[in-house]
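Read the structure below first, then the notes.
What follows draws every value from the coordinates through simple rules; no lab data is involved. Since the model is a prediction, treat every value here as computed from it, not as a measurement. Cβ placement follows ideal geometry from the backbone for every residue including glycine, while neighbour counts extend to all protein chains displayed.
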Amino acid sequence: MTMKRFLRKFAKSGIAALACAGMLLTASAVSAEGRIKWWQTTAVYQIYPKSFADTTGNGVGDIPGIIRHLDHIRSLGAGAIWLTPVYSSPMVDNGYDISDYTDIDPAYGTMEDFDRLVTEAQKRNIRIVMDLVFNHSSDNNLWFQESKQNRTNPKADWYIWRDAKPDGSAPTNWRSIFGGSAWTWCAERGQYYLHTFAPQQPDLNWENPEVRRALYDAALFWLDKGVGGFRIDAIPYIKKPAFRDGIPDDADGLVSIHTMTANTPGILDFLHEFKNEVFAGRDIFTVGEANGVQPKDLPRWVGENGVFDMVFEFSHMNLSLKNGETWCHPTPWKLTELKAALNATQEATRENGWCPVFFENHDQPRCVNHFFPEGADREKAAKAMATVLLTLRGTPFIYEGQELGFSNVAWPSIRDYDDISSRGQYEIALKDGFSPTEAMKFVHFFSRDNARTPMQWDDSPNAGFTTGTPWLPVHDDYALQNAEAEARDDRSVFAWYRRLVEFRRSHPALRAGGYEELLPENEQIFAFLRTVGSHQILTLVNFSLEEASIPEEIIAGRKLVMDSEENGQKTVLQPLEARIYEIAKQEGSAR
């Protein structure tokens with residue numbers, strides 16, 4: 001019987017046979033830190049530039065604002081900053097509609113500002129990671145402007161064009177991610193073009209080698225600028241299947257384009273070419289946004305034979321959306337499902353590959369609302385999730401404001417929301433028979449604007465984000481919850497993050513150790529073990545709003561080193577309490 005099966009067999013009773021923990025080492029753990037790369041031992045801080053810091057007073061964050069706060073990011077142990085798009089854009093989808101892939105949008109600054117950001121970040125041992133949006137461009141992009149003119153121009157085949165059905169309707173019944181048909185009519189060509197997202201974001205035709213070459217050249221432009229890697233947006237959609245109708249999945253008579261196109265066979269051929277032409281042999285990291293890629297598929301996507309260093313797969317993020325992409329049909333989930341999803345990713349990359357660890361980003365609600373019961377104490381929940389984030393195996397990604405425990409907003413009207421996806425999902429809910437009040441509840445929980453409210457730096461007007469009117473309202477809790485106040489409070493969420501970062505930095509098991517799940521059937525406690533050599537760290541987090549009993553065998557012989565609640569009860573976790581143990585130092589053991 002393998003050690004994994006042994007532990008699972010006894011997990012319900014708490015008898016985990018931890019004396020055998022030395023057997024849990026994986027090949028990557030044995031090699032320890034001698035063979036792992038820089039991006040496997042650091043944290044990545046994600047910035048949504050529009051909401052981070054404004055230095056001009058126009059209400060929009062900018063690159064000089066990022067430079068101003070680099071030391072805040074460095075204090076979190078981040079060795080890389082992932083920027084969401086700062087390229088020239090009409091901003092229909094806040095920069096994910098790119099009109100020029102090799103230019104900086106004036107709203108964010110100049111190319112000189114970007115060069116200075118790279119330089120100032122390097123002084124702090126931080127690398128800048130760019131966001132590549134290569135599934136689609138803006139309809140304002142000169143490529144599309146030429147492509148739509150007629151069917152014979154040099155770029156006529158750079159996008160995906162199809163004739164109407166005999167009745168004049170769209171070529172297929174596909175629904176875009178943002179709602180409505182995924183096809184838009186173009187009078188100039190007398191054809192429809194495909195857009196996975198908004199009509200202003202036409203999909204590029206990856207079947208055309210000239211398109212691929214132009215995209216690769218854009219990526220190489222930024223590598224020449226000194227960037228340290230790329231996050232690749234919406235990559236599962238670049239390969240299109242046969243254009244046919246699907247079975248409608250909603251009252252609108254349409255089927256999700258994700259269902260019809262995500263991860264079409266042949267996509268990895270494109271991505272291996274992408275890797276060989278751009279990434280191979282460079283000291284950078286790549287992480288693909290791969291919604292729909294399952295843990296079982298990860299060996300083909302990451303590792304020595306894969307195409308990226310890491311991928312964001314969303315099985316743990318989409319537990320509420322098991323019925324599909326529409327927000328108005330959420331499903332309940334249990335802690336065991338969250339643990340199983342995370343464990344599946346860990347297992348899939350155990351021997352070959354690496355994973356990013358994330359619970360927030362610019363497209364997701366805040367984790368204190370997303371993963372914890374309604375009524376959970378925000379600060380305690382934030383510390384609980386931080387403990388998981390910074391002790392799991394993988395590269396932790398911290399999203400701006402997460403380190404301060406930011407929570408969702410709940411604005412009263414859909415008119416208050418900027419997010420194009422929120423507006424589309426609101427309309428879907430109304431068409432499905434929900435009242436405006438009910439539709440707004442779905443928006444409150446899932447809206448991407450939850451993660452896009454301006455960063456809260458201090459208690460001055462507009463939280464120190466801008467001296468003008470912010471492009472999106474600041475959360476109304478900024479007077480008490482801001483970076484300046486939390487930096488002064490040694491019991492704040494920010495202080496807990498910094499303690500965890502320092503603890504992770506000083507413990508090899510958290511940087512290079514193997515991973516083993518404990519108590520997989522427990523619906524209150526998330527427990528796992530990190531081991532390398534004689535170093536061993538145990539994490540216990542209570543995700544519930546009730547006390548949780550710890551099997552005494554789990555903590556026997558272990559020293560409690562961090563406790564979010566400073567709870568004196570040895571075998572009881574308080575609601576939302578997080579603890580970290582390490583093996584008790586024994587004579588002759590390595591430290």
- Helix 209-224: inclination vs the chain longest Cα principal axis, degrees, rounded to 10, gives 50
- Please report, largest first and rounded to whole Å, the three semi-axes of the ellipsoid equivalent to the range 314-468, where each semi-axis is the square root of five times an eigenvalue of the C-alpha gyration tensor. 27, 23, 13
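So which trypsin sites (Lys or Arg not before Pro) in the range 243-325 end up in coil per DSSP with only 13 or fewer other C-beta atoms within 10 Å?
Arg244, Arg282, Lys322
Let's see if you can work this out: charge +1 on each Lys and Arg Cβ, -1 on each Asp and Glu Cβ, no other charges. What is the dipole magnitude of the chain about its Cα centre, in debye to the nearest 20?
Values: 61 positive and 80 negative charges, 389 e Å.
Once rounded to the nearest 20, the dipole reads 1860 debye.
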- Roughly how big is the range 435-591's charge dipole about its Cα centre, with Cβ charges of +1 (Lys, Arg) and -1 (Asp, Glu), in debye to the nearest 20? 760
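What range in the chain is the longest one free of GluC sites (Glu not before Pro) that are in a loop by DSSP and have at most 15 other Cβ atoms within 10 angstrom? Walk me through the numbers on the way to the answer.
On the way: sites that count: Glu188, Glu207, Glu304, Glu351, Glu374, Glu521, Glu523, Glu546, Glu547, Glu566, Glu587.
That would be 1-187.
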- Note on the structure: In the range 461-515, the trypsin sites (Lys or Arg not before Pro) that sit in a DSSP loop and have at most 16 other Cβ atoms within 10 Å of their own Cβ are Arg491
- Message: Students often forget the sequence filter, so: which lysines lie under 23 Å Cα-Cα from Lys334 once same-chain residues fewer than 8 apart are removed?
- Response: Lys4, Lys9, Lys12, Lys296, Lys322, Lys380, Lys383, Lys441
- Task: Starting from the Cα gyration tensor of the range 49-101, take the square roots of the eigenvalues, sort them a ≥ b ≥ c, and report rounded, prolate or oblate (rounded when a/c is under 1.5, otherwise prolate if a/b is larger than b/c, else oblate).
- Result: oblate
- Residue-wise HN-Hα coupling along the range 105-110, computed from phi with Karplus coefficients 6.51, -1.76, 1.60 (Hz; x: Gly, Pro): 5, x, 4, 9, x, 10
- Message: If you build the convex hull over the alpha carbons only and average its shadow over all orientations, what do you get for the chain? Give it in nm² to one decimal.
- Response: 26.8
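Order of 416-423, 532-539 by packing, highest average Cβ count within 10 Å first?
532-539, 416-423
Counting other Cβ atoms within 10 Å of each Cβ, which trypsin sites (Lys or Arg not before Pro) in the range 111-147 have at most 16 and sit in a DSSP loop? Each step should come with its number before you reach the end.
On the way: sites: Arg116, Lys123, Arg124, Arg127; in loops: Arg124.
Loop-located and lightly packed - Arg124.
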- Message: Apply the a/c threshold of 1.5 to the C-alpha gyration tensor of the range 389-525 and tell me whether it is rounded, prolate or oblate.
- Response: oblate
- Message: Using a Debye calculation, one point per C-alpha and no hydration shell, please list log10 I(q)/I(0) for the range 313-386 at q = 0.12, 0.16, 0.24 Å⁻¹ in order.
- Response: -0.37, -0.65, -1.27
- Lys/Arg Cβ at +1, Asp/Glu Cβ at -1, dipole of the range 218-291 taken about the Cα centre: which of Thr264, Ala290, Trp222 is farthest positive-ward? Trp222
- Task: May I ask for the angle, rounded to the nearest 10°, between helix 378-389 and the longest principal axis of the chain, with both axes built from Cα atoms and the value confined to 0 to 90°?
- Result: 90
- Note on the structure: Quick shape check on the range 444-494: root eigenvalues a ≥ b ≥ c of the Cα gyration tensor, a/c under 1.5 is rounded, otherwise prolate if a/b tops b/c, else oblate, and it reads oblate
- Considering the dipole of the chain built from charges on the beta carbon (Lys and Arg +1, Asp and Glu -1) around the Cα centre, which of Ala439, Val357, Thr539 is farthest to its positive end? Thr539
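Can you put Ser320, Ser447 in order, fewest other beta carbons within 10 Å first? Can you show the working numbers first?
Working: Ser320 17, Ser447 28.
Ranking Ser320, Ser447 by Cβ neighbours within 10 Å, fewest first, gives Ser320, Ser447.
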- Note on the structure: Helix-only [θ] at 222 nm, the chain, -39500 (n - 2.57) per DSSP H run of 4+, per residue, nearest 500, equals -7000 deg cm²/dmol
